[in-house]
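Please read the structure below before turning to the comments.
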Amino acid sequence: MAEIRLMKGNEVLAEAAIRCGCDGYFGYPITPQSEVMETLMAREPWNETGMVVLQAESEVAAINMLYGAAGTGKKSMTSSSSPGISLMSEGLSYIAGAELPCLVVNVQRGGPGLGTIQPSQADYFQAVKGGGHGDYKLIVLAPSSVQEMNDFVDLGFELAFKYRNPAMILTDGALGQMMEKVELAEFKPRWTEEEIENKFGVWASTGKKTNRDRNVVTSLVMDSEEMEQNNLRFQEKYKKMEEEEVRYEAIQCEDADFIIVAFGTCSRVCLKSVELARAKGLKVGLLRPITLFPFPNKIIKELARKSKGFLSVEMSAGQMVEDIKLAVYEAGSTVRVNYYGRMGGIIPTPEEVVDALEDKFSWEISYGVKRSY
Amino acid sequence: MELKDLIKPENLVYDKSKVQRDVYMHYCPGCSHGVVHKILSELIEELDIQDKTIGIAPVGCAVFAYNYIDVDWQEAAHGRAPAVATGVARLNPEKFVFTYQGDGDLASIGSAEIMHACNRGENILVIFINNGIYGMTGGQMAPTTLEGMVTSTTPSGRNTDLNGYPMKITNLIAELPGTSYVTRQAVHTAAAVRKCKRSVKKAIQNVLDKKGTSFVEVVSTCNSGWKMTPDGANKWMAENMLPYYPLGDLKDSIKGEPISEN
Amino acid sequence: MTEEMIIAGFGGQGVLSMGKILAYSGIMEDKEVTWFPSYGPEMRGGTANVTVILSDTRISSPIVKHFDTAIILNQQSLDKFQDSVKPGGTLLYDPNGIIHPPERTDINIYKVDATVTAVEMGNPKVFNMIVFGSYLKVRPILTLDNVEKGLEKSLPVRYHKLIPLNIQAIKKGQEIVESVLEV
Ligand SMILES: Cc1ncc(C[n+]2csc(CCOP(=O)(O)OP(=O)(O)O)c2C)c(N)n1
């Protein structure tokens, strides 16, 4: 039987990494995610699976260690929180440019700057629009429970290797510090040298064999024509992700007049808001994007045609709301898209969200029809 | 005798420096940061330089230094204080600029910035608090953590095979021609506090005289992070830290001159 | 069944670990559980609180405005959370150090002199288990059997020898809890 435990989100990230056959973790302490490395160091996986765990001298070093490890085809990851992720952004751009598969976890805290150590979702833009320089995308997964913190480690690696692209788990301090019941995965063996050579020998720097050309891991292409071709190939890849990898959960959306869109911690809050609103006779549903890139455009377009309004609920000044608006615009719909959120480390309450919904859509609620801009 | 008869200026035996703000400190009881803050405050008052002092605060427990020492401050990103100080000092050569950094901030994430600021001989004072641990984030290993020392990321003790060796960064700094005065002090006894204060005073004077970078390491305790009593931490420091990080001047020369033999 | 509760007091009173044992006991009873602490530097000797939710169905918001139960272990927490108890809900508190007792008239109020009893039992550390026992008495949502299993799961093996003492403290708490007001 699967092993069931009560664990913190941060702890489970560590445990899931060990169990899914991760080869290496590089990190630098920062609240509210230091438990990831602390759990790994206490577990000593190098004795159990051979996984390497290293405390780097900085996030800049950690992300470049990750570049090196991923460049040899090994399953490697790092985790940090917002200020550290900013430092890693340069490296992430290089990793995306060199098309290296790896996993990065951002346990977000409130910014900008040093900000606060309390939870936030204000790194949404940074995660889904790039963060570093150049036209690149991360595969971004947004867990909303400790169970998903566990599951998305394996899923993140799977997608990263499928597309040779960095994947990110975008979570926050609340999910990192929270304990919930979690069903742990079975142990998977780490890939052997031969398996890596067989799977990734075409690109990874594993040591040149006589039967193949040398492999050079780089993001540098001096010839513009060639670099444009590279970029076009990346864009193809991102398009394929948009076609094949969108994940979301739609809760009570079938008959809903109003759709709340929220991810991660906010989606948990809004699940209750839906209950509260329905108890008041308001037909409200919840759309929870699980992949933030690729973003669930299609379902939003469908819902735009039949609903009377969208409310994006975020722990930021309103970032995801822009992507919802884009999808609604592309659907040719004029339904109103509003935002409600809190900043600085504050999580909205379910009651607040219902109040905001009633307030922002008071026109639609009183007349029972949608109102165009 | 009535209390009010006692409370007279001429009976005053101790007063807090005017440069030290009258607020509660967040430092744990027994922490060395408070003592070093006091030394700095007293010296800024004694040398009458409050109006020309600009402090650069680190990221670490001393991130809130700006709440305690009543001078103008800038809060830097983690490890970047020497670069921030460079910007301040280069454009404001008549000011007294100092950074105040922990061992994680200075010797780990900020090791590049400190090396280059010192190598350029920036005319600043660097106060380096070496408590062998990351205090602020809950007691992880620092570059200065002693071999075998238990921290939250070295739960079975620092293993040099895995984590390398405790870094004597002050010795490296002393090698750089840009530095003029490099010393290692402590504040665990009254005598050590007095000695440390003399060193910091000399260091400040060096900066005021435009002699390049002065660097004062203070070997410190972090009783919370070390999970000890304040007194126990002082004793542990004397027995374990000081043999590895011996106190005394590492360099005392004018900028650009070769290191004196010692 | 869904029970949303807050446990609040000083850091060091065992607030977080009581919540953890409660959550683990809930898992033994096959319930969904969420344990959501306040975190940050305030943990060091300041106030500490944790929201614990037990439910037969998927748990929604970890952020709760109105609690079914509040377990209150100091005055600041009483002042902060008294008004957050749902009408008809339950407030359990230790009167030690409480200058202004609860004033609500629309909730069930119980008190347990756990601080004093723990000292009488010769081990101040079982304080939180006495409180836990009182909670189980006034809100019998978990069986003692599953609590024992929960203790086994949440305590490291080297502390397992202390489980009988903890169970004894829980039973003591069940005995000594006093009703102040029942609605
Ligand atoms: C880029 C970045 N990474 C990590 C952190 C988290 N962080 C805050 S303080 C600190 C370590 C401070 O240790 P030290 O410099 O030794 O000072 P102490 O707290 O011991 O005084 C870290 C890693 C941060 N604020 N920013």
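The values are calculated or read from the model by the stated rules, or taken from the named source; none is laboratory data. In this text, all values refer to a predicted model and were calculated from it rather than measured experimentally. Heads up, the Cβs are rebuilt from the backbone with ideal geometry, glycines too, and the neighbour counts pull from every protein chain shown. Just so you know, the surface numbers come from the protein's heavy atoms only, side chains and all, with ligands and any DNA or RNA stripped out. Shrake-Rupley method; radii C 1.70, N 1.55, O 1.52, S 1.80 Å.
The requirement of being away from the ligand (no atom under 16 Å from the Cβ) and more than 15 Å from the chain's Cα centre (by Cα) is satisfied by B:ASN159. Does the stretch A:74-85 include one or more residues that are open to solvent by 30 Å² or more (accessible area, probe 1.4 Å) and within 16 Å of the ligand (Cβ to nearest atom)? Yes: the stretch A:74-85 contains one or more residues that are open to solvent by 30 Å² or more (accessible area, probe 1.4 Å) and within 16 Å of the ligand (Cβ to nearest atom). For the stretch A:33-46, the criterion of being within 13 Å of the ligand (Cβ to nearest atom), modelled with pLDDT of 95 or more, at negative phi and more than 14 Å from chain B (Cβ to nearest Cβ) is met by no residue. Here A:PHE263 qualifies as buried (at least 24 other Cβ atoms within 10 Å of the Cβ) and of a type outside the set (A, V, I, L, M). Among the numbered conditions (1) more than 23 Å from B:MET237 (Cα to Cα); (2) in a helix (DSSP H, G or I); (3) within 16 Å of the ligand (Cβ to nearest atom), the only one that B:LEU40 does not meet is (1). The requirement of being modelled with pLDDT under 95, in contact with a helix residue (DSSP H, G or I) (Cβ under 8 Å, 6 or more places away or on another chain) and within 16 Å of the ligand (Cβ to nearest atom) is not satisfied by B:GLY132.
The combined condition, being under 15 Å from A:VAL261 (Cα atoms) and more than 27 Å from the chain's Cα centre (by Cα), is fulfilled by A:LYS360.
C:THR90 meets the conditions (1) assigned to a loop (DSSP other than H, G, I, E, B); (2) more than 11 Å from chain A (Cβ to nearest Cβ) in every case but one. The failed one is (1).
The residues on offer are C:VAL15, C:VAL85, and the sole one that is open to solvent by less than 60 Å² (accessible area, probe 1.4 Å), modelled with pLDDT under 95 and away from every other protein chain (no Cβ under 13 Å) is C:VAL15. Number of residues in the stretch B:62-73 that are more than 13 Å from the ligand (Cβ to nearest atom) and either within 14 Å of chain A (Cβ to nearest Cβ) or not in a strand (DSSP E or B) (or both): the value is 6.
Taking the conditions exactly as written (part of a loop (DSSP other than H, G, I, E, B), away from every other protein chain (no Cβ under 12 Å) and open to solvent by 10 Å² or more (accessible area, probe 1.4 Å)), does B:GLU94 satisfy them or not? Yes, satisfied. Say we look at the stretch B:100-123 and pick out the residues that are within 16 Å of the ligand (Cβ to nearest atom) and outside any helix (DSSP H, G or I); which of these is most open to solvent (accessible area, probe 1.4 Å)? My answer is B:GLY102.
When A:ARG371, A:ARG288 are screened for being within 14 Å of chain C (Cβ to nearest Cβ), outside any helix (DSSP H, G or I) and touching a Gly at 6+ places or on another chain (Cβ under 9 Å), only A:ARG288 passes. Filtered by the rule that a residue be open to solvent by 30 Å² or more (accessible area, probe 1.4 Å) and within 14 Å of chain A (Cβ to nearest Cβ), the stretch C:131-183 gives C:LYS149, C:GLU152, C:LYS153, C:LEU155, C:PRO156. If I filter the stretch A:284-305 for residues that are aromatic (Phe, Trp, Tyr) and either farther than 20 Å from A:THR171 by Cα or surrounded by fewer than 17 Cβ atoms within 10 Å (Cβ to Cβ) (or both), do I get at least one hit? So far as the stretch A:284-305 goes, no, none of its residues is aromatic (Phe, Trp, Tyr) and either farther than 20 Å from A:THR171 by Cα or surrounded by fewer than 17 Cβ atoms within 10 Å (Cβ to Cβ) (or both). Is it the case that A:GLY309 is surrounded by fewer than 20 Cβ atoms within 10 Å (Cβ to Cβ) and touching a Phe, Trp or Tyr at 6+ places or on another chain (Cβ under 7 Å)? So A:GLY309 does not fit the description; no.
Any residue in the stretch A:183-203 that is assigned to a helix (DSSP H, G or I), buried (at least 20 other Cβ atoms within 10 Å of the Cβ) and among the β-branched types (Val, Ile, Thr)? Taking every residue of the stretch A:183-203 in turn, none turns out to be assigned to a helix (DSSP H, G or I), buried (at least 20 other Cβ atoms within 10 Å of the Cβ) and among the β-branched types (Val, Ile, Thr).
Entry remark, the stretch A:221-260: residues being in a loop (DSSP other than H, G, I, E, B) and in contact (Cβ under 8 Å) with a residue 40 or more places away in the chain number 6 in total.
Against the numbered list (1) open to solvent by less than 70 Å² (accessible area, probe 1.4 Å); (2) outside the structural domain of A:GLY21 (by TED's automatic domain parsing), A:LYS209 comes up short only at (1). Screening the stretch A:90-119 for residues that are closer than 20 Å to A:SER316 by Cα and either open to solvent by less than 10 Å² (accessible area, probe 1.4 Å) or within 15 Å of the chain's Cα centre (by Cα) (or both) and picking the one that is farthest from the ligand (Cβ to nearest atom) gives A:PRO119. Considering B:VAL59, B:VAL97, the condition of being more than 16 Å from the ligand (Cβ to nearest atom), within 15 Å of the chain's Cα centre (by Cα), under 25 Å from B:VAL23 (Cβ atoms) and modelled with pLDDT of 95 or more is satisfied by B:VAL97 alone. Do we have A:GLU228 as closer than 27 Å to A:TYR67 by Cα, among the charged types (D, E, K, R) and either open to solvent by 30 Å² or more (accessible area, probe 1.4 Å) or not assigned by TED's automatic domain parsing to the domain that holds A:ASP172 (or both) here? So A:GLU228 fits the description; yes. Is the stretch B:138-146 home to any residue that is farther than 24 Å from A:THR39 by Cβ, part of a strand (DSSP E or B) and within 9 Å of the ligand (Cβ to nearest atom)? No, the stretch B:138-146 contains no residue that is farther than 24 Å from A:THR39 by Cβ, part of a strand (DSSP E or B) and within 9 Å of the ligand (Cβ to nearest atom). In the stretch B:203-231, the residues that are within 14 Å of chain C (Cβ to nearest Cβ) reach residues that are acidic (Asp, Glu) with C-beta atoms within less than 9 angstrom, at least six apart or across chains, in these pairs: B:ASN223/B:ASP231.
Of all residues in the stretch A:21-31, exactly one satisfies the criterion of being in contact (Cβ under 8 Å) with a residue 60 or more places away in the chain and crowded, with 24+ Cβ neighbours inside 10 Å, namely A:CYS22.
So in the stretch A:23-32, with the set limited to residues that are within 15 Å of the ligand (Cβ to nearest atom) and more than 8 Å from chain B (Cβ to nearest Cβ), which one is farthest from A:PRO189 (Cα to Cα)? Filtering first and then ranking leaves A:PRO32. Which residues, taken from the stretch A:92-114, are in a helix (DSSP H, G or I) and touching a strand residue (DSSP E or B) at 6+ places or on another chain (Cβ under 9 Å)? Correct list: A:LEU92, A:ILE95, A:ALA96.
For the stretch B:137-157, the tally of residues that are more than 16 Å from B:ASN223 (Cβ to Cβ), open to solvent by 10 Å² or more (accessible area, probe 1.4 Å) and at the interface with another protein chain (Cβ under 9 Å from one of its Cβ atoms) stands at 5. Taken residue by residue, the stretch B:127-136 has no member that is of a type in the set (S, T, N, Q) and surrounded by fewer than 20 Cβ atoms within 10 Å (Cβ to Cβ).
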